[in-house]
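Written below as structure tokens is the structure these notes are about.
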Amino acid sequence: MSNFYAKRARDIVDAQRPEGGITETAPFVGISDRGLGDESGPIGWDSVVLPLQLYLYDYYGDLRIVKDSFNASAAWMAFLEKAPMSAIQSGLSDWMPTEHSPPALTGVAFLWLNLWSWARINTILGNTEIVKTFTAKAEQTATLLNSLFLDADTGVYAKAGQFNA
């Protein structure tokens, strides 16, 4: 695995807060805009941890970062599950599109991404009970996401001002 990317992943884990929150910067410099508590960053920034491990595993086929980060990832998931939905839905939104994305929509989508990624990591590691639990939680969150934001007639997710979440 590339030492550069492995170091970036380890920097994030090294900056993890005592309660399991992931910081907005690594190393931590005290920024916690719209965080989930514990001086963590917002869910969008924090959500890099699990997908980054999966990208590294998928690209390099190397389990070291997944195994080395397991305890930190478990702490992050325990922390995330304690976060109130109001904090999850109050993140910084998505900075990529030219149109504004509602923070509530992206927050729930990031929650789903974390749950799905944790289930996949545990599939790779063979932890079947965790896989069952988090696959079910990911499916419940996908249902919530669709019920709150999906316009079933058009197949388009709500834009700002088109929903009450």
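A compact table of results
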| read-out | value |
| --- | --- |
| Test: Glu129 is surrounded by fewer than 17 Cβ atoms within 10 Å (Cβ to Cβ) and either over 25 Å from Ala26 (Cα atoms) or not acidic (Asp, Glu) (or both) | yes |
| The one condition in (1) under 18 Å from Ala119 (Cβ atoms); (2) among the charged types (D, E, K, R); (3) in contact with a helix residue (DSSP H, G or I) (Cβ under 8 Å, 6 or more places away or on another chain) that Asp58 fails to fulfil | (3) |
| Selection count, the stretch 55-71, where residues are in a loop (DSSP other than H, G, I, E, B) and either modelled with pLDDT of 95 or more or of a type in the set (S, T, N, Q) (or both) | 1 |
| Odd one out for Leu80 among (1) of a type outside the set (Lys, Arg); (2) modelled with pLDDT of 90 or more; (3) farther than 27 Å from Asn127 by Cβ | (3) |
| Residue match in the stretch 47-67 (condition: free of Cβ contacts under 8 Å to residues at least 40 places away in the same chain, at positive phi, over 16 Å from the mean Cα position of the chain (by Cα) and open to solvent by less than 50 Å² (accessible area, probe 1.4 Å)) | no |
| Evaluation of Ala74 against (1) farther than 22 Å from Ala104 by Cβ; (2) part of a helix (DSSP H, G or I); (3) touching a residue at least 40 places away in the same chain (Cβ under 8 Å) (one fails), failing number | (3) |
| In the stretch 8-46, residue least open to solvent (accessible area, probe 1.4 Å) [restricted to those that are in a helix (DSSP H, G or I) and free of Cβ contacts under 8 Å to residues at least 24 places away in the same chain] | Asp11 |
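The values are calculated or read from the model by the stated rules, or taken from the named source; none is laboratory data. Note that this is a predicted model, so its numbers are computed, not measured. Note that we place each Cβ from the backbone using ideal geometry, even for glycine, and neighbour counts take in every protein chain shown. We work out accessible area using only protein heavy atoms, side chains counted, and drop any ligands, DNA or RNA first. Shrake-Rupley method; radii C 1.70, N 1.55, O 1.52, S 1.80 Å.
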